[in-house]
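K.L.:
First, the structure itself, so that you have it in front of you.
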Amino acid sequence: MKKFTLIIAVVLVSLVSLAQKPEYLQTMGETLGQFANCQSVADFQDLGNKFEMIANAETSEWLPMYYHAQCYILMSFIEQGDAAIKDSYLDVAEKSVNKLMEMVPGEPEVFVLQAFYLTGRLVVNPMERGQEYGGLVGQATDKALAIDISNPRAKLMKLQMDMGSAPYMGLDPKSFCPAAKELLASWDNFKPKSPLHPNWGKDQAEGIVKGCQ
């Protein structure tokens with residue numbers, strides 16, 4: 001009961017703090033809305049730079065830095081160039097992720113983002129990086145789930161890693177389909193702390209479930 005009361009208190013303090021920054025709320029809301037229009041590396045880089053500007057102006061807020069890192073991670077996934085270019089984007093993301101770990105060390109969404117970043121590193125060269133980064137992704141995901149077992153993005157990262165590594169473990173990736181369907185069915189039960197907090201991933205879960213059919 002005390003733990004639940006403490007959680008409610010933290011959420012209320014966060015909401016009050018945001019309410020006292022109407023310009024920040026408006027700027028972040030407008031910038032987040034631009035995600036829907038991003039398709040190219042240049043689009044995400046432009047958006048990432050906008051989040052960086054907000055982060056520099058609002059040094060006590062961690063969400064702008066979060067989305068800056070996310071933009072550069074996404075750039076690495078859609079980049080069609082060589083590995084060095086992809087890694088250069090991830091180098092930028094890494095700096096922001098590390099700053100986030102210092103700003104909000106107990107935030108599960110940051111551990112999810114760290115797992116996403118590490119997945120990006122792995123994907124650049126799966127054959128050479130699979131063993132090392134696969135373990136690191138698992139560690140970051142486990143930390144997120146240890147803090148908040150209900151976080152759907154943490155569950156999604158674990159599911160993707162389990163399905164991706166299944167063939168190497170002698171397992172059928174589709175053996176995880178029941179878990180994917182359960183995740184999707186319960187996705188909307190999780191409520192972000194505010195409209196600005198991370199709320200991505202449902203479309204990826206839908207894609208996994210579609211592939212199970």
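The values are calculated or read from the model by the stated rules, or taken from the named source; none is laboratory data. Please read these numbers as outputs of a predicted model, since none were measured by experiment. For neighbour counting, all protein chains shown are included, and Cβ atoms are generated from backbone atoms with ideal geometry for every residue, glycine included.
K.L.:
Could you list all residues from the range 1-59 that are of a type in the set (D, E, K, R), at pLDDT below 95 and over 22 Å from Met103 (Cβ atoms)?
P.N.:
Residues satisfying the conditions are Lys2, Lys3.
K.L.:
State yes or no: is Gly211 touching a Cys at 6+ places or on another chain (Cβ under 9 Å) and more than 30 Å from Leu100 (Cα to Cα)?
P.N.:
On the way: touching a Cys at 6+ places or on another chain (Cβ under 9 Å): yes; more than 30 Å from Leu100 (Cα to Cα): yes.
In short, yes.
K.L.:
Out of Gly120, Gly134, I need the residue that is small (Gly, Ala, Ser) and modelled with pLDDT of 95 or more. Which one?
P.N.:
On the way: Gly134 fails: modelled with pLDDT of 95 or more.
Being small (Gly, Ala, Ser) and modelled with pLDDT of 95 or more holds for just one of Gly120, Gly134, which is Gly120.
K.L.:
Please list, ordered by first then second residue, the pairs with beta carbon atoms under 7 Å, 6 or more apart or interchain, first in the range 25-49 and within 14 Å of Pro198 (Cα to Cα), second among the basic types (Lys, Arg) and not in a loop (DSSP other than H, G, I, E, B).
P.N.:
Thr31/Lys50
K.L.:
Here is a further query. When you scan the range 117-213 for helices (runs of 4 or more DSSP H) that lie fully inside it, which ones turn up with 2 or more residues that are of a type in the set (Asp, Glu)?
P.N.:
It comes to 126-147, 202-212.
K.L.:
Could you please let me know if Leu100 is outside the structural domain of Gln160 (by the TED database) and in contact with a Gly (Cβ under 6 Å, 6 or more places away or on another chain)?
P.N.:
It is false that Leu100 is outside the structural domain of Gln160 (by the TED database) and in contact with a Gly (Cβ under 6 Å, 6 or more places away or on another chain).
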